[in-house]
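Asks: Before we start, here is the structure in question, set down as structure tokens.
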Amino acid sequence: MVGITQDRAAWLARNVLPHEAALRAWLRQKYALGIEVDDVVQETYAILAALASVDQIRNPRSYAFQTAHSLILAHLRRSKIVSIRRASDLELQGALSDTPSPEQVAQDRDELENVARVLSDLPAKVREVFLLRRVHGLSQRETAERLGISENSVEKRVSQGIRALLATFGRGGKRGAKSLEDEEAPRRRDKDSE
């Protein structure tokens, strides 16, 4: 098997790895199906790593859960005896339920609190512009008119808000950590100077 590319590893780390705990929790609920959680998780990563492209994947979490679900179904098909209870349990506990799991609700609530914390740390004018544009959905012109500032000022303040969010969440919510972008910046500068 050919090794995984750095781009694919970065995509997996950014889009799938944060959901591994929820995936493992969901898989542990399937213990009666005779599956090995670690094996399913590893196979899920292997399948995602081997895809020709991930550009078409709009919801990596759902895609990972669907991949794991498919692996479980394949395991059940290979099993010599599949009890009716096992098959019905799998159908009733649907992997792609529209209702988020308690773990996902807690994770989303924590993330929202982190966003609110970062926004509250912004300078007042930047926060006000950012909230009007990104939360309330006002256009750049409407925001400028409401606040009596130029559209250029609106654009600059929204950019400041986005940079503040990226500074935190580009590092997985840890202010001191380096983001993938930070790590690639020296390589880009070296490449540009060649």
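Asks: Which residue pairs have Cβ atoms closer than 7 Å, lie 6 or more positions apart in sequence or on different chains, and pair a first residue in segment 15-40 that is in contact (Cβ under 8 Å) with a residue 60 or more places away in the chain with a second residue that is acidic (Asp, Glu)?
Replies: Once the first residue is in contact (Cβ under 8 Å) with a residue 60 or more places away in the chain and sits in segment 15-40, its partners that are acidic (Asp, Glu) give Ala21/Glu103; Ala22/Glu103; Ala25/Glu103.
Asks: Go through segment 24-70 and give me each residue that's of a type in the set (Phe, Trp, Tyr) and under 18 Å from Gln6 (Cα atoms).
Replies: Tyr45
Asks: To continue, here is another question. For residues that are touching a helix residue (DSSP H, G or I) at 6+ places or on another chain (Cβ under 6 Å) and under 10 Å from Val16 (Cα atoms), tally how many sit in segment 49-63.
Replies: Qualifying residue count, segment 49-63: 2.
Asks: Checking Asp55 against (1) surrounded by 12 or more Cβ atoms within 10 Å (Cβ to Cβ); (2) within 15 Å of the chain's Cα centre (by Cα); (3) of a type outside the set (Lys, Arg), only one condition comes out false. Which one?
Replies: That leaves (1) as the condition not met.
Asks: Can you say whether Gln104 is under 19 Å from Arg14 (Cα atoms) and either modelled with pLDDT of 90 or more or in a helix (DSSP H, G or I) (or both), as far as the supplied structure shows?
Replies: Yes: the conditions hold for Gln104.
Asks: Would you please list the contacts, defined by Cβ atoms under 8 Å and residues six or more apart or on different chains, that run from a residue in segment 65-91 that is part of a loop (DSSP other than H, G, I, E, B) to a residue that is modelled with pLDDT of 75 or more and not acidic (Asp, Glu)?
Replies: So the pair list comes out as Val82/Leu76.
Asks: Right, something else. For Arg141, all conditions in the list (1) of a type outside the set (Phe, Trp, Tyr); (2) modelled with pLDDT of 90 or more; (3) touching a Lys or Arg at 6+ places or on another chain (Cβ under 7 Å) hold save one; what is the number of the exception?
Replies: Here Arg141 meets the rest and fails (3).
Asks: Search segment 6-46 for residues being closer than 15 Å to Leu73 by Cα and aliphatic (A, V, I, L, M), and hand back the single one that is surrounded by the fewest Cβ atoms within 10 Å (Cβ to Cβ).
Replies: If we take residues in segment 6-46 being closer than 15 Å to Leu73 by Cα and aliphatic (A, V, I, L, M), then Ala32 is surrounded by the fewest Cβ atoms within 10 Å (Cβ to Cβ).
Asks: Could you tell me whether Arg141 is surrounded by fewer than 13 Cβ atoms within 10 Å (Cβ to Cβ), assigned to a helix (DSSP H, G or I), without any contact (Cβ under 8 Å) to a residue 24 or more places away in the chain and among the basic types (Lys, Arg)?
Replies: yes
Asks: Taking Ala10 and the conditions (1) more than 25 Å from Gly170 (Cβ to Cβ); (2) assigned to a helix (DSSP H, G or I); (3) at pLDDT below 90, which numbered condition does it fall short on, given that it satisfies the others?
Replies: (1)
Asks: Note down all Cβ pairs under 6 Å where the first residue falls in segment 120-133 and is part of a helix (DSSP H, G or I), the second is at pLDDT 90 or above and among the basic types (Lys, Arg), and they're at least six residues apart or on different chains.
Replies: That search, which allows pairs on different chains as well, returns Val126/Arg157; Val129/Arg157.
Asks: Please tell me if Leu132 is aliphatic (A, V, I, L, M), at pLDDT 55 or above, surrounded by 11 or more Cβ atoms within 10 Å (Cβ to Cβ) and over 30 Å from Tyr63 (Cβ atoms).
Replies: Considered against the rule, which asks whether it is aliphatic (A, V, I, L, M), at pLDDT 55 or above, surrounded by 11 or more Cβ atoms within 10 Å (Cβ to Cβ) and over 30 Å from Tyr63 (Cβ atoms), Leu132 comes out as yes.
Asks: A further question on this structure: Which residue out of Arg188, Arg163 is at pLDDT 85 or above and within 30 Å of Pro18 (Cα to Cα)?
Replies: Arg163
Asks: Which residue is farthest from the chain's Cα centre (by Cα), if the candidates are limited to segment 116-129 and must be surrounded by 15 or more Cβ atoms within 10 Å (Cβ to Cβ) and either within 30 Å of His19 (Cα to Cα) or of a type outside the set (A, V, I, L, M) (or both)?
Replies: Glu128
The values are calculated or read from the model by the stated rules, or taken from the named source; none is laboratory data. Every value quoted in this text rests on a predicted model; they were computed, and no experiment measured them. Don't worry about glycine lacking a Cβ; one is built from the backbone with ideal geometry, like all the others, and counts go over all protein chains shown.
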